1. Scan V266, V312 and give me the residue that is open to solvent by 60 Å² or more (accessible area, probe 1.4 Å), in contact with a helix residue (DSSP H, G or I) (Cβ under 7 Å, 6 or more places away or on another chain) and not hydroxyl-bearing (S, T, Y).
2. Checking L290 against (1) in contact with a Lys or Arg (Cβ under 7 Å, 6 or more places away or on another chain); (2) open to solvent by less than 20 Å² (accessible area, probe 1.4 Å), which test does it fail?
3. In region 116-142, how many are outside any helix (DSSP H, G or I) and in contact with a Ser or Thr (Cβ under 9 Å, 6 or more places away or on another chain)?
4. Could you list, in sequence order, all residues of region 212-223 that are over 15 Å from F322 (Cα atoms) and not in a loop (DSSP other than H, G, I, E, B)?
5. Which of (1) part of a loop (DSSP other than H, G, I, E, B); (2) closer than 27 Å to P125 by Cα does A199 not meet, given it meets every other one?
6. Return yes when S42 is on the phi > 0 side of the Ramachandran plot, hydroxyl-bearing (S, T, Y) and open to solvent by 50 Å² or more (accessible area, probe 1.4 Å) and no when it is not.
7. Pull up region 191-206, narrow it to residues that are open to solvent by less than 90 Å² (accessible area, probe 1.4 Å) and over 26 Å from the mean Cα position of the chain (by Cα), then point me to the one that is farthest from V312 (Cα to Cα).
8. Looking at E265, E300, E261, can you tell me which residue is in contact with a Gly (Cβ under 7 Å, 6 or more places away or on another chain) and either modelled with pLDDT under 95 or hydroxyl-bearing (S, T, Y) (or both)?
Amino acid sequence: MNYPMFSQTTQGKASKGSVQIKNSNDRLQLVFSHSGRRHYLSLGLPDNRVNRKLAEQRAIQIELDILSGNFDASLAKYKPQSALTAITPITPSEPELSLKDLWQRYSEYKAPSASPKTINGTYEPVSAHLAKCSADGLKDAVKFRMQLLQVTTESQARRTLMQLQAACRWGVKRGLVSANPLDGMYRELGGTKPNPPMAFGIEERDRLIAAFETDSRPGMNYRHYAPLVKFLFWTGCRPCEAVGLRWGSVTEDCSRIYFQESIVEVSGKLVRRKQTKTGAKRWFSCTPRLQTLLQSIRPETPDLNSLVFASVKGRAISISNFSDRAWKTVLTSLSLAVKDGVKMTPYNCRDTFITLQAFAGNSSTTIAGWVGNSSEVIEKKYLDRLQLEKLRPTEI
């Protein structure tokens, strides 16, 4: 929060005898010099408007004591337990925020560091659900929860409560609200469990690639997307990273790839993100067949800003559109559109790469480095499941 400083801002050097009010780890601190010594006095108070006024009064007292020669070098006189208790508490002039107001401030605070997809897919739905509820969750959490379940599904209500809980914690920490009545409430609701990783077998993968390479449906030109499908299977990258890859991120001999950005879909529009999903950039060393693939589609003198994989019309590829048309059509013709009750999507190419690399004996740390995940995620989502499938109960 941006509040005016009492004597001088934290930037620059304070004049002799003046007291600066600073924010140190979200707690107010008084900083000043006296008799050639630098003093740091922590007030132990959260940085908010009310406590700033209390800190200003304490700063005035210190400055007056220095001027009058009554300064207490031990600082005991100015410490919160002895000094601030003597100050008459100031009642906030503003009423406590409503949950809707708090959420607006929180989402505005988070927006600069959030991706467009997070804003569109996480923050905006919460705002929409809040607008449909008349109860203020800070004043009547139970009534608000009941109304929330009436305007959306249980799984969406759970996600909304999780976000609002985080907003309340943020508000309490900054002195905007006094309590977090939504803390832990989301745990009472059931969430939608994501599908487990579902991989194609090697034979299925190769049949799928061959089907794209030889597709001859009139007017469809699904053959155009065969290089993309190969790339997804052979790198294990996220589809959004593949469609966002530019030639400037591929070495001239196509031996290495630098995954550093992606293209995501937000409200039906394609948006370039200057980072990957996790924010971690990574190099990927190509196998000979992947290097050959990239060399076969690389222009002789490529524009380094141009896309490696583009649509038939030369535009950025919409993964949802590709999945609903080319992918679904080809997989249906091979009876591979659904496996074990799970609808197969381009993301399952990533599951396939990780699974096959695990079967080949590569460590979770190595695989995680290739695909831009943590080794913990690889072990929990893939290796534990594969190990369980291999094991058989002991006959007793």
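The values are calculated or read from the model by the stated rules, or taken from the named source; none is laboratory data. The shown structure was predicted, so the numbers you read here are calculated from the model rather than taken from an experiment. Counting neighbours? That spans all protein chains shown, and the Cβs are built from the backbone with ideal geometry, glycine included. These accessible areas exclude ligands, DNA and RNA; they are computed on the full protein's heavy atoms, side chains included. Shrake-Rupley method; radii C 1.70, N 1.55, O 1.52, S 1.80 Å.
1. V312
2. For L290, the failing item is (1).
3. Adding up the residues that qualify gives 5.
4. Correct list: E213, T214.
5. Condition (2) is where A199 drops out.
6. In short, no.
7. In this case the residue turns out to be G201.
8. Sole residue among the options that is in contact with a Gly (Cβ under 7 Å, 6 or more places away or on another chain) and either modelled with pLDDT under 95 or hydroxyl-bearing (S, T, Y) (or both): E261.
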